[in-house]
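No lab work stands behind these numbers, since they all come straight from the coordinates. All values reported here derive from a predicted model rather than from experimental measurement. Please note: Cβ atoms are built from the backbone with ideal geometry, for glycine as well, and neighbour counts cover all protein chains shown.
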Amino acid sequence: MALTLFRGIQTRPLLPYSTAFSARKHVIFCSMQSTQTEASTRSKQQAPSNFTETARAKAVEKVLKDFEAIIGIETHVQLSTTTKAFCSCAYNYGSQPNSCVCPVCMGLPGALPVLNSKVIKCAVMLGLALNCKLSLSSKFDRKQYFYPDLPKGYQISQFDIPIATNGFIDVDLPLEFGGGHRRFGITRVHMEEDAGKLLHTGSGRVPLLEIVSEPDMRTGIEAAEYAAELQRVVEIKNLNSFSAMSRAIDFEIARQAELYNQAQADEIVQETRLWEEGSQKTVTMRKKEGLADYRYFPEPDLPEVILTEEYVNGIRDSLPELPEMKRRRYEQMGLTMQDVLFLANDVNVAEFFDATIANISDIKLAANWIMGDIAAYMKNEKLSINEIKLSPQELSDLIGSIKSGTISGKIGKEILLELMEKGGTVKGLIEEKDLVQIVDPDEIEKIIDKVIANNPKQLEQYRGGKTKLQGFFAGQVMKESKGKANPGLLNKILVEKLNAKS
Amino acid sequence: MLSSVQNPRVLLLHCRRSKPFHHHHHHHHSKSIHAASLAHPISASIPTSQIQTIQKSILSREKTTRQFAEEFLNRLRLTEPHVKSFLHVSETVLNEADEIDRKIDRNEDIGPLAGVLVAVKDNICTADMPSTAGSKLLENYRPPYDATAVKKLKESGAIIVGKTNLDEFGMGSTTEGSAYHVTANPWNLEYVPGGSSGGSAAAVSARQCVVSLGSDTGGSVRQPASFCGVVGLKPTYGRVSRYGLVAYASSLDVIGCIGTSVADAGILLQSICGHDNLDATSSKREVSDFTSQFISKDYFESQPLKGLRVGVISETLGDGVDQEVVSSIRGAISHLEELGCTVTEVSLPSFSLGLPAYFVLASSESSSNLSRYDGIRYGNQTVSDELSAVYGGSRANGFGPEVKRRILMGTYALSAGYYDAYYKRAQQVRTVVQKSFKAALDVHDILISPAAPSAAYKIGEKKNDPLAMYAGDIMTVNVNMAGLPALVLPCGFVKDGSASLPVGFQMIGSAFDEEKLLKVGHIFEQTLQDMVVAMYHPPWNPGLLFLTSMADPLVTVVFAIVKAA
């Protein structure tokens, strides 16, 4: 669902300083269209192998010795409100074309827009999550242009007074790309109606929040991480092309640098380019759009948007924990950055992890189980953590049962697999399969006695000096106990018995 | 209790009135239609609420709804070929009237406007009738929905009699800007009815309907009311939902009411106003009961308006205003003084700034509002392979010259590099205008001015002089800029050659205080004495049939003559 567009590739120097070998700076504005829908599925796309990622990164690294890429990102977040932005028409993603329309979204003569209050709430939440300054009084404007999919001849947007400005987003880069902490500025967040898509009015007029970043990113990876962090903040569900975005930007950096090196810099113009996944290239989509005069003026059909401190504070108090706060919290728990990024960067994994550690003290153990066996299973089966049958409660029970010695670690791994595949409870499985570890020395002794009695020949050999047979006896005892004998006790008693003078 | 109005103009009318009424009327009637010359106004009675009369008659079964409806339809059929108020006349009026009669038989609730024939300006959407806004671009366009005001009318039992003519998209002051035909002033068919709600005012004036809806962006209800000698009410911005009103200038547009009495205008407003979820600019303010203001004249005290502070806007009675108009206003002022008002002059220095600022703002908004008419969805599309040629061609062929002029002005005013000099500056002027009105209304209960600098002029007289036409809006645009309510009611006549044409005066009130305007207006017209009230009825107008009776033999004769003509 992600559409990566490059807009506003500027050829003029933007920043006053330059890197050692470069006199020019290019600003690449990347516009991201993302869609949030309830029916979405988790990303099952395999990321390109680390080898190609690394190779690409190296190629870009080489270019960046001579050039500094300056990247800003414009993101359109489509809200999952059940109604459209400026009318009360039901909005269902994927519904039949033109099946949910009313005079308002058709732009019929006499129809007026009415703002959906949920859009304002979402905008305030996002503004707060992105550390922005909120405008307690903002307004809507009309952006005017003719286009077949724009029934009114203008788009309702916010021009000079957006609802939120001057924010930032904190990002931890992945360790495989060198890691490190970055802060990227957010220029503004504003509300607008989505311009209709083609003539399919049913999907048009959907509420959008547009997030414009400062041109603070320098590489494809930084841009992709910015986008990924944004996804975590707004919980966009099915945007899965961060790697495509990263590749597209790196391609664009290389392309522009190449043109510049060949003295064809005048071919670098302000335009919209489209990333073609098949050929792994960007191509021209629209040119000269920067020249348009949109004749913005205040939208007379909508009153100003007035926010009270009270309203804003209410929303601030109800905000969920943000990903950056989560990462710092996990870091303080003593987890490594590798663990932190894995656990915190997927909101579902983080929720699972937090629920698991609510009942147990060994946080590191819980992290290991999730990042080890559970992650491996999810990867093999291509499932998300919400799709496996294991619940956090059962994982903490399982860890508890191993720690208390009720079951062995080996049995724990077996049970885990069953819990992930079929569900059920740890307690139930242990009882059902009679898996409780035998820790009673008398009971273990009885089994050992039985095994020794059944193997007089091997006993004789052992006592004759072939002490390696201890392993054979231990195996037999474990087999006889159906794997439940406590290994420590077993060995201790076995040695005593084998070495006993009869 | 009251003496006559001191206006010499009105006194003159008073003298003329001595001729026998019926006879006189009879003779001039057929003549005037051919010659389009004005006969002498004829006295009737003090304006009564036609709505209340109808309601009383049908509930007491004195007359059926169908009888009332037939009277109006007959008159409409007779007068329409001359006046041309309508772009569309409903074919279901009698059926709807019968339905109301059946409801009365079944003792069901019929609503406060039951049986009232309401004409609706054609830029207000109606689901079962065309809604062209007077433009070729919307020829044959039928909206799939009713405007909120229309929906409320229907819920109140009103019968929509048809859609009235207007200047295309409401842009004009004469109704000559209609893409379909020119409407005539019922007082003299050679004269314009005003505009842009010329069809709605003419229809009420000619008694083709009981009341009508218009829209007022810069005076489009008030100026035609003045030209046609009827009552026009422009409510406060936000008082009536604009949902379903084809937008001209959204921050100024308001749906207004036209009737033959203040009471009818008030009753009509009562049924269409109030907050609407479909219009974010509609006010949530509580609506008071306007009709409680309409007490009978018999209960008036000797000075029923004692203590009311009236400010006469001095800038509106100076240069450029017809002296006869000024005399009429002075007559009205004297009458208000007799009613107990304290009248003083008040200066609004920003008054003259309002007109240019209005045209910048209204044109800017209209350039945006009208961009949806791109030939893709409505109207005749110009065929071309190239998209911009489809847009350009369809708009070039579809819009009339005045609309194009305003789109061009507005587009210019909003363009990069000009925005600050025009649009922004005009908004600043608007704030100044709002403040000066607020200050004046802090020390006065109502403000008074003419409704227009002149009475109606001849058809074609200003058609090719847009600036002269724009200048005619000077009395009304400031009120829209400030968003205030205003009531226009007849106060005299102006002579133009052999023609004698009505003029109205404008009362401006504080925001959302329509109640006060209606109260003052009602007392004003109830105390005029019968001699001036004549002006409420165009001389040749068979509208008087309504006030007498269909059974009156003499009237029937008149009817027959008109028919023959």
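Most tightly packed first, judged by the mean number of other beta-carbon atoms within 10 Å of their residues, the peptides A:108-118, B:216-226, A:355-365, B:469-479 read B:216-226, B:469-479, A:108-118, A:355-365.
Each residue of region B:316-331 is assigned a 3J(HN,Hα), and the resulting list reads 8, 10, x, 4, x, 10, 3, 4, 5, 5, 4, 4, 4, 5, 4, x Hz, derived from the Karplus form 6.51 cos²θ - 1.76 cosθ + 1.60 (θ = phi - 60°), x at Gly and Pro.
For residue A:307, the residues whose modelled amide H falls within less than 5 Å of its own, excluding neighbours fewer than 5 places apart on the same chain, are A:137, A:138. Dipole magnitude for region A:441-499: computed about the Cα centre from +1 point charges on Lys and Arg Cβ and -1 point charges on Asp and Glu Cβ, it is near 240 debye. The per residue volume of the convex hull around the alpha-carbon atoms of region B:399-510 is 121 Å³.
Over the whole of B:423-430, what's the average partner chain Cβ count within 10 Å per residue? Rounded to a whole number, please.
Details: counts 3, 1, 0, 0, 2, 0, 0, 0.
That average works out to 1.
Computed over the Cα atoms of region A:323-432, pair by distinct pair, the Kirkwood hydrodynamic radius stands at 14.1 angstrom.
Nearest 0.05, what FRET efficiency do residue B:464 and residue B:439 give at R0 = 41 Å with Cβ-Cβ as r?
Calculated transfer efficiency: 0.55.
Note that region B:228-329 shows a convex hull volume over its alpha carbon atoms of 176 Å³ per residue. Simple spin-label estimate for residue A:118 and residue B:380 gives 4.5 nm between the two label positions (7 Å along the Cα-to-Cβ direction from each Cα). Counting Cβ atoms of other protein chains within 10 Å of each Cβ in B:241-248 and taking the mean gives 4.
Relative to the Cα centre, what is the charge dipole magnitude of region B:284-352, using +1 at the beta carbon of each Lys and Arg, -1 at the beta carbon of each Asp and Glu, and rounding to the nearest 20 debye? Please list the in-between numbers first.
Working: 6 positive and 11 negative charges, 62 e Å.
Its charge dipole is roughly 300 debye.
How high is the FRET efficiency between residue B:155 and residue A:309 when r is their beta carbon distance and R₀ equals 41 Å, given to the nearest 0.05? Kindly include the intermediate steps, with their values, before the conclusion.
Details: r = 41 Å, r/R0 = 1.00.
Step by step, r from the Cβ atoms, then E = 0.50.
What is the log10 of I(q)/I(0) for chain B, computed with the Debye formula using one identical point scatterer on each Cα and no solvent, at q = 0.08, 0.12, 0.13 Å⁻¹? With no solvent term, the Cα-only Debye profile gives -0.48, -1.12, -1.34. The order of the peptides B:454-466, A:150-162 by mean Cβ neighbours within 10 Å, most packed first, is A:150-162, B:454-466.
Counting every pair of alpha carbons in region A:441-499, the share spaced more than 17 Å apart comes to 25 percent. Annotation: the antiparallel percentage among DSSP beta bridges lying fully within chain B is about 65. With unit charges on the beta carbons (Lys and Arg positive, Asp and Glu negative) and the dipole taken about the Cα centre of region A:323-432, which residue among A:325, A:424, A:405 sits farthest to the positive side? Farthest along the dipole direction, towards plus: A:325.
Coupling constants for region B:230-235 follow from the phi torsions by the Karplus curve (6.51 cos²θ - 1.76 cosθ + 1.60, θ = phi - 60°), and in residue order they are 10, 8, x, 10, 9, x Hz; glycine and proline get x. If R0 is taken as 25 Å, the Cβ-Cβ distance between residue A:454 and residue A:414 corresponds to a FRET efficiency of 0.40. Taken along the Cα-to-beta-carbon direction at a fixed 7 Å, the label points for residue B:309 and residue A:467 span 11.6 nm. Distant-in-sequence amide contacts of residue A:281, defined by a placed amide H-H separation under 5 Å and a gap of 5 or more residues or a different chain, comprise A:276. Taken along the Cα-to-beta-carbon direction at a fixed 7 Å, the label points for residue A:445 and residue A:393 span 4.1 nm.
Overall size of region A:214-347 from C-alpha positions, given as principal axis extents largest first: 53, 52, 25 Å. Taking the average, over residues, of other Cβ atoms within 10 Å as the packing measure, peptides A:306-319, B:402-415 rank B:402-415, A:306-319 from highest down.
Evaluated with a Cβ-only charge set (Lys, Arg +1; Asp, Glu -1), chain B carries a dipole of roughly 380 debye about its Cα centre, given to the nearest 20. For residue A:485, the amide hydrogen comes within under 5 Å of the amide hydrogens of A:438, counting only partners 5 or more places away or on other chains and with H modelled in the peptide plane. Sequentially through region B:169-177, phi angles give Karplus couplings (6.51, -1.76, 1.60; θ = phi - 60°) of 6, x, 9, x, 10, 9, 6, 6, x Hz, Gly and Pro residues having no value and appearing as x.
Across the residues of A:299-308, average count of Cβ atoms on other protein chains within 10 Å? Let's see the in-between values first.
Details: counts 5, 12, 9, 3, 3, 0, 0, 0, 0, 0.
Neighbouring Cβ atoms belonging to other protein chains average 3 per residue here.
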